[in-house]
1. For region 115-125, state whether one or more residues are within 27 Å of Arg200 (Cα to Cα) and touching a residue at least 60 places away in the same chain (Cβ under 8 Å).
2. How many of the residues making up region 1-32 are β-branched (Val, Ile, Thr), at pLDDT 85 or above and more than 19 Å from Leu54 (Cα to Cα)?
3. Scanning for something closer than 16 Å to Val154 by Cβ, not in a loop (DSSP other than H, G, I, E, B) and not polar (S, T, N, Q), does region 123-133 turn up at least one residue?
4. Looking at Thr140, is it among the polar types (S, T, N, Q), modelled with pLDDT of 95 or more and surrounded by fewer than 16 Cβ atoms within 10 Å (Cβ to Cβ)?
5. Pairs please, first residue from region 194-219 and under 16 Å from Phe8 (Cα atoms), second anywhere and at pLDDT below 60 and part of a helix (DSSP H, G or I), Cβ atoms under 8 Å, 6+ apart in sequence or on different chains.
6. Being basic (Lys, Arg) and modelled with pLDDT of 95 or more is the filter here, so list the residues in region 33-50 that pass it.
7. Do we find a residue being within 14 Å of Gly81 (Cα to Cα) and not assigned by TED's automatic domain parsing to the domain that holds Val18 anywhere in region 121-129?
8. Among the candidates Gly104, Gly116, Gly112, Gly126, single out the residue that is surrounded by fewer than 17 Cβ atoms within 10 Å (Cβ to Cβ) and touching an Asp or Glu at 6+ places or on another chain (Cβ under 8 Å).
Amino acid sequence: MENLERLFTIRANDGFIVAFGPLLIAAVAEVAPGICIRFAPKPEKTPRYLREGLVDLEIGVQSNMGPEIRVQRLFQDRFIGAVRKEHPLALQPGIKVEDYIAWGHVVASPDGMLHGFVDDALAALGVTRKVMSVVPGFPTALSVALASDLIAMVPALYLRNQRMAENLHVFELPFKTRDIVVSQMWHPRMEKDAGHRWLREKILEVCGGYGNVFRPISTK
């Protein structure tokens with residue numbers, strides 16, 4: 001691919017771009033300097049961008065993408081809690097449900113919803129949390145947590161390559177939540193495209209080498 005000159009557009013959320021964008025760009029540039037990787041924002045889940053050829057790949061959690069969209073799983077992530085390092089919870093060896101709900105929460109929700117799957121999990125235990133703020137995304141949620149006593153919840157991968165992680169205390173959630181299966185998706189028209197196939201393999205390679213932060217999914 002060293003002679004290939006091409007622009008690839010990848011639609012992904014901030015978490016993936018922060019965690020893997022620099023690694024992917026460097027890996028591609030080393031082998032194929034004529035390739036440009038353009039990351040596009042992903043404000044909503046829809047197959048329209050793939051179907052209309054507006055993007056080459058979409059990376060994220062598969063949801064109502066349609067039966068024709070090709071899907072390859074990359075890794076499995078999980079949600080974790082995050083507070084500032086000086087937070088009282090940072091001094092506790094183990095955080096229980098009662099500790100978790102004793103503090104206010106900042107919620108990352110692009111659509112502005114106050115209630116989510118965490119609240120359903122807590123309701124099943126007969127408890128509720130107090131949501132003090134709702135923000136559009138994880139960067140703002142972490143910034144709020146760093147400046148207050150509020151608890152934020154983010155995917156574990158999001159703290160890769162984040163300088164603010166040095167000032168955060170992270171912990172496993174004291175209740176069961178769903179794991180996050182992150183996949184790369186493309187339209188069938190690109191299935192046999194040599195350059196596209198090479199890029200997909202490179203993304204799989206980059207994502208598969210960092211199992212110390214989350215659980216990669218075997219492709220064998």
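The values are calculated or read from the model by the stated rules, or taken from the named source; none is laboratory data. Note that this is a predicted model, so its numbers are computed, not measured. All Cβ positions, even for glycine, are placed from backbone atoms using ideal geometry, and neighbour counts span all protein chains on display.
1. Taking every residue of region 115-125 in turn, none turns out to be within 27 Å of Arg200 (Cα to Cα) and touching a residue at least 60 places away in the same chain (Cβ under 8 Å).
2. 3
3. Looking for residues that are closer than 16 Å to Val154 by Cβ, not in a loop (DSSP other than H, G, I, E, B) and not polar (S, T, N, Q), one finds at least one in region 123-133, hence yes.
4. no
5. Close Cβ pairs satisfying both conditions: none exist.
6. Selection gives Arg38 alone.
7. Taking every residue of region 121-129 in turn, at least one turns out to be within 14 Å of Gly81 (Cα to Cα) and not assigned by TED's automatic domain parsing to the domain that holds Val18.
8. Of Gly104, Gly116, Gly112, Gly126, the one residue that is surrounded by fewer than 17 Cβ atoms within 10 Å (Cβ to Cβ) and touching an Asp or Glu at 6+ places or on another chain (Cβ under 8 Å) is Gly104.
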